[in-house]
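S.K.: First the structure, then my questions, so here it is.
The values are calculated or read from the model by the stated rules, or taken from the named source; none is laboratory data. Since the structure is predicted, the reported quantities are computational estimates derived from the model, not experimental observations. For neighbour counting, all protein chains shown are included, and Cβ atoms are generated from backbone atoms with ideal geometry for every residue, glycine included.
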Amino acid sequence: MTHSTNQVYPVIWHNNSVSLIDQTRLPNEYAFVEIHRSEDMAQAIKTMIVRGAPAIGVAAAYGMYLGAREIATSDRHEFLNHLETVAKLLRATRPTAVNLFWAISRMLKTAYETLGTVEDIKQVLFQTAQAINIEDVQTCQAIGDHGLAVLPKTPDKLTLLTHCNAGALATAGYGTALGVVRSAWRDERLERVFADETRPRLQGAKLTAWECVQEGIPVTVITDNMAAHCMQRGLIHAVVVGADRIAANGDTANKIGTYSLAIVAKAHNIPFFVAAPLSTIDFDLFDGTQIPIEERQPEEIYQVGDTILTPEGVNFYNPAFDVTPADLITAIITEKGAFFPNQLAKSLSPQML
Ligand code: MRU
């Protein structure tokens, strides 16, 4: 059987600028936004034109290069000072996904370690941003294949449930959780994927469903409160989600609603997998209580298009992520293989990171 390979790359270098798929307009419009300046990249990350942990890491890396390009000095010290300001601007965009901070640190480290002129540093920064982009696609393909190896062996064809969008759109390409789905589809181990719609931003209904349709992967969209029912009916064989930040003990921050999904999966004895690159693991944090959780605007809850859903006078609380405790996670699937969450720190030697 052959499957179509409509590859999706949300962040690409094109015509001396960065082309971002505008994810706020999918699935109705497949449009690109051209980013020429670091400030515009920061705005694109904040407003979720580009979103998903690895994708915002790649976008921030290019943002660092765009910022470097704007600095008009040949003095190394002055250049590095200005670059620190660009890093600060990009770091202030979204707090939870650690890939953003990881990519910015890698770019800064590269700048400090590069000898030669300011122009030489700019050139190496460009190459590093390109490398981060390319590496992430390869990383996701490896995650997909390692994930496939740990999925339940029966039945022959699995139905997998995923939450939010941890697909090509959320990475440089291929995806993490959806990378596992893609690998399962490629090897004819997938019956279909169930996609939680993922209130309030609807990344599941809009983005995951769109990606699956692009590739002909059978997809069923459910509202978030239907997952337990589907599990009780035996419709789901495993859950696979992405991650925004994983603490050293395996506690995992991901899109709001992931935690409740893990609880209901446990209640139904269904394996619950987290798929993420090593760049999502934050060994500086002992456990999930230390992960900063982004709070977003209340409009995301009370407004759909021009329609206001709620009466005047109510309050809102809109955390964008939650933390799933490590003991609810069957395994964390990385590009280096799958690990028990409580074995992460022991299993990953410093040279692997
Ligand atoms: O707010 P978002 O859309 O950036 O949140 C995205 C998620 O929570 C993803 O599951 C996570 O970043 C992993 S993406 C491979």
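S.K.: Could we say that ASP244 is modelled with pLDDT of 95 or more and under 19 Å from GLY167 (Cα atoms) here?
M.R.: The answer is yes for ASP244.
S.K.: Another question, then. Can you name the residue in the range 148-177 that is closer than 21 Å to ILE263 by Cα and in a helix (DSSP H, G or I) and is also farthest from the ligand (Cβ to nearest atom) among such residues?
M.R.: Here the answer is VAL150.
S.K.: Which is in contact with a strand residue (DSSP E or B) (Cβ under 9 Å, 6 or more places away or on another chain), modelled with pLDDT of 95 or more and either assigned by TED's automatic domain parsing to the domain that holds LEU83 or of a type in the set (Ser, Thr, Tyr) (or both), of GLU34, GLU70?
M.R.: GLU34
S.K.: I would also like to ask the following. Determine which single condition GLY288 fails, assuming it passes every other condition in (1) within 16 Å of the ligand (Cβ to nearest atom); (2) closer than 21 Å to VAL221 by Cα; (3) of a type in the set (Gly, Ala, Ser).
M.R.: (2)
S.K.: In the range 192-268, which strands (runs of 3 or more DSSP E) lie fully inside it and hold 1 or more residues that are free of Cβ contacts under 8 Å to residues at least 24 places away in the same chain and over 24 Å from ALA338 (Cα atoms)?
M.R.: Output list is empty.
S.K.: Another question about this same structure. Taking ASP156 as meeting all but one of (1) buried (at least 17 other Cβ atoms within 10 Å of the Cβ); (2) without any contact (Cβ under 8 Å) to a residue 60 or more places away in the chain, write down the number of the exception.
M.R.: Condition not satisfied by ASP156: (1).
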